[in-house]
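A short worksheet on the structure shown next.
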Amino acid sequence: MRAIGTHLILAVALVALAVPAVAHAQKAAPAKTIRVAVYDHSNGDSGGWKNLKKILVPETGFETTMVTPQDIRDGVLKDYDVLIMPGGSGSKQSKMLEEKGRENVKNYVKSGGSYVGICAGSYLASSHYSWSLGILNAKVWDRSHWNRGTGNVELEFSSSGSEVLKAEKDEMECYYGQGPLLVPDNNPDLPGYEVLATYGTEIAKKGAPEGAMVGTHAIVRTKYGEGRVICFSPHPEKDGGPNALMIEGVRWAGSAPKK
């Protein structure tokens, strides 16, 4: 935490106080097939769709379908338990969804659907950019060096992160692909979030300063209205994973009790 300052340490403490309902989430309901919609605007050519459809399978408790921006504008999300916005470009995702699609996503989560963001999908979920959805009370640390490079990093799990994601160790290696370095925002209309994992090591290429990434938040969860939100800055869905982190994160999201 030294790298990002005392004000962030205080902010994290406030976050922990702000989300008791999430920190003590109800235990998952009995096993059921979770219906997952994976966003894609590339006709199925994206790495996100290809990786997710390999791990979110009936054998692990999921039924996974690709959905397009037009599908979302047409109201398809009502048929799914979880929407995954994968890697790519958050601003491009926002642009492709258009205003109607963005509103449909927000209303879906607000009314009890669940949102999983991965890398670009976490930028999209945040409250940082003019094009963001604003369903996660987070901003992007060191925004000017968002393209800091790629490579493997160490994730350090909180106690709740280890429990929710069933992490086998307190620290695990995972691929990082220029995802957001998340820190708390102060949007008064949104609840705080709970930290599941922080970055223990960093990528500091392309002029990015050393020390900025360590201690920032890599995996977080919160609620938006009646729905659940979990965001991954890194890429545990990729080959080499650890895929179990993604599987359990989506399982947590899709196990929200329905009213």
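The values are calculated or read from the model by the stated rules, or taken from the named source; none is laboratory data. Being a predicted model, the structure only gives us computed values, none of them experimental. Reconstructed Cβ throughout: ideal geometry from the backbone, glycine too, with neighbour counts over all protein chains shown. To get the accessible areas, we keep the full protein, side chains included, count just its heavy atoms, and leave off ligands, DNA and RNA. Shrake-Rupley method; radii C 1.70, N 1.55, O 1.52, S 1.80 Å.
Per residue, how large is the accessible surface of the chain? Use a 1.4 angstrom probe and give square angstrom. Walk me through the intermediate numbers first.
Numbers: 11510 Å² over 259 residues.
On a per-residue basis, the chain sits at 44 Å².
Tell me the label only: which of [x] 15.0; [y] 12.4; [z] 16.5 is mean projected area of the Cα convex hull in nm² as calculated from this structure?
Among [x] 15.0; [y] 12.4; [z] 16.5, the one derived from this structure is [y].
Keeping all protein chains in the complex and leaving out DNA, RNA and ligands, what accessible area do you get for HIS235 with a 1.4 Å probe, in Å² to the nearest 10?
Ignoring ligands and nucleic acids, HIS235 comes out at about 20 Å².
Between 0 and 90 degrees, rounded to the nearest ten: what's the tilt of helix 6-18 against the longest Cα principal axis of the chain?
30 degrees
Taking the 0 to 90 degree range and rounding to the nearest ten, how far is the long axis of helix 243-254 tilted relative to the main principal axis of the chain, both from C-alpha atoms?
The angle comes out at about 60 degrees.
Find, among the GluC sites (Glu not before Pro) in the range 150-206, those assigned to loop by DSSP (not H, G, I, E, B) with at most 12 other beta-carbon atoms within 10 angstrom.
Values: sites: GLU154, GLU156, GLU163, GLU168, GLU171, GLU173, GLU194, GLU202; in loops: GLU168, GLU202.
When the GluC sites (Glu not before Pro) of the range 150-206 are filtered for loop state and at most 12 Cβ neighbours within 10 Å, GLU168 remain.
Could you work out what % of the accessible surface of the chain is carbon and sulfur, using a 1.4 angstrom probe and leaving DNA, RNA and ligands out of the count?
Numbers: 5790 of 11510 Å².
Carbon-and-sulfur percentage of accessible area, whole number: 50.
Is any residue of the range 63-90 close enough, with backbone N under 20 Å, to a label point placed 7 angstrom from the Cα of LYS100 along the Cα-Cβ axis, and if so, which?
67-80
SER42 to SER91: extension gain in nm, 0.36 nm per residue of separation minus the Cα-Cα distance?
Details: separation 49, 0.36 × 49 = 17.64 nm, distance 1.49 nm.
Answer, rounded to one decimal: 16.1 nm.
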